[in-house]
């Protein structure tokens with residue numbers, strides 16, 4: 001029986017990670033949940049984010065997943081530690097892979113981080129970066145307008161350019177950074193707009209590629225790689241607007257996917 005990889009996100013942003021998983025691990029099946037009904041997670045309390053994360057995890061358990069990828073930076077910041085402690089499968093977040101990739105690219109050890117309010121306020125990226133190299137200098141900025149922009153599928157054009165320009169102005173004014181971490185998996189969907197605004201001299205880092213690479217290593221280490229010859233089956237679930245969710249997915253993956261459904265998540269109690 002094929003055991004899929006579970007991927008959870010606050011909305012459509014985790015598709016950037018799912019796409020990279022599918023590219024690097026072409027035999028593996030993916031079950032994805034995007035909690036678009038309650039997106040964004042960034043302004044929410046830690047308890048809310050933990051609760052919503054566990055509701056998605058409980059749903060994924062029905063699919064007998066063999067690994068969980070938390071493709072949401074806010075959920076990674078607030079819930080990764082307890083997920084690793086309480087689940088009996090490998091659990092991977094997106095913050096540490098993104099931090100490692102940024103350090104690899106940065107030459108002057110000055111790294112910018114943009115993310116949701118929750119991710120930035122958690123301090124998870126500076127902690128991860130300085131845990132690897134204590135001499136790294138980090139400039140962090142929350143970008144509240146970005147997730148709603150992406151969830152509305154405004155990924156390019158005048159509105160996207162205006163919002164990105166106005167939001168990133170404080171970070172640009174600081175100067176000095178040579179590497180920028182997209183500390184939210186929604187942001188790679190507007191990566192081209194962000195790159196143009198920051199300039200070609202800035203390395204813009206998305207954690208998707210590095211996260212997929214680590215997922216591959218973890219599956220190999222635990223002898224969990226899919227060995228069968230059957231083509232993978234990818235299932236995508238949303239808690240919100242089906243048409244908008246599927247439209248963004250079809251554009252991002254550039255091919256139809258297997259199963260799309262709207263689901264209701266059962267409430268869970270956390271402490």
Residue 149: outside the structural domain of residue 40 (by TED's automatic domain parsing), assigned to a loop (DSSP other than H, G, I, E, B), touching a helix residue (DSSP H, G or I) at 6+ places or on another chain (Cβ under 7 Å) and over 19 Å from residue 203 (Cα atoms), yes or no? no
Considering residues of region 129-159 that are closer than 22 Å to residue 46 by Cα and in contact (Cβ under 8 Å) with a residue 60 or more places away in the chain only, the residue surrounded by the most Cβ atoms within 10 Å (Cβ to Cβ): 147
Tell me which residues, restricted to region 19-48, are surrounded by fewer than 16 Cβ atoms within 10 Å (Cβ to Cβ) and touching a helix residue (DSSP H, G or I) at 6+ places or on another chain (Cβ under 6 Å). 24, 43, 46
Which of (1) surrounded by fewer than 24 Cβ atoms within 10 Å (Cβ to Cβ); (2) assigned to a helix (DSSP H, G or I) does residue 88 not meet, given it meets every other one? (2)
So residue 114, is it in a loop (DSSP other than H, G, I, E, B) and either crowded, with 18+ Cβ neighbours inside 10 Å or within 15 Å of the chain's Cα centre (by Cα) (or both): no
Is one or more of the residues making up region 247-264 touching a residue at least 40 places away in the same chain (Cβ under 8 Å) and over 16 Å from residue 19 (Cβ atoms)? yes
Sort out which residues of region 231-252 are out of contact with any helix residue (DSSP H, G or I) (no Cβ under 8 Å at 6 or more places or on another chain) and either surrounded by 14 or more Cβ atoms within 10 Å (Cβ to Cβ) or farther than 13 Å from residue 150 by Cα (or both), and write them in order of number. 231, 233, 235, 242, 243, 246, 250
Among the residues in region 165-177, are any surrounded by fewer than 21 Cβ atoms within 10 Å (Cβ to Cβ), under 26 Å from residue 18 (Cα atoms) and in contact (Cβ under 8 Å) with a residue 40 or more places away in the chain? no
Across region 173-184, what is the total count of residues that are more than 22 Å from residue 42 (Cα to Cα) and within 24 Å of the chain's Cα centre (by Cα)? 3
If we ask which residues in region 253-268 are in contact with a helix residue (DSSP H, G or I) (Cβ under 8 Å, 6 or more places away or on another chain) and in a loop (DSSP other than H, G, I, E, B), their number turns out to be 7
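Results for (1) in contact with a strand residue (DSSP E or B) (Cβ under 8 Å, 6 or more places away or on another chain); (2) more than 20 Å from residue 47 (Cα to Cα), shown as yes or no for each residue.
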| position | (1), (2) |
| --- | --- |
| 78 | no, no |
| 84 | yes, no |
| 88 | no, yes |
| 93 | yes, no |
| 101 | yes, yes |
| 109 | yes, yes |
| 118 | no, no |
| 122 | no, no |
| 127 | no, yes |
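The values are calculated or read from the model by the stated rules, or taken from the named source; none is laboratory data. Keep in mind the model is a prediction, meaning the values are calculated, not measured. A quick note on method: Cβ atoms are made from the backbone with ideal geometry, for glycine too, and the neighbour counts reach across all protein chains shown.
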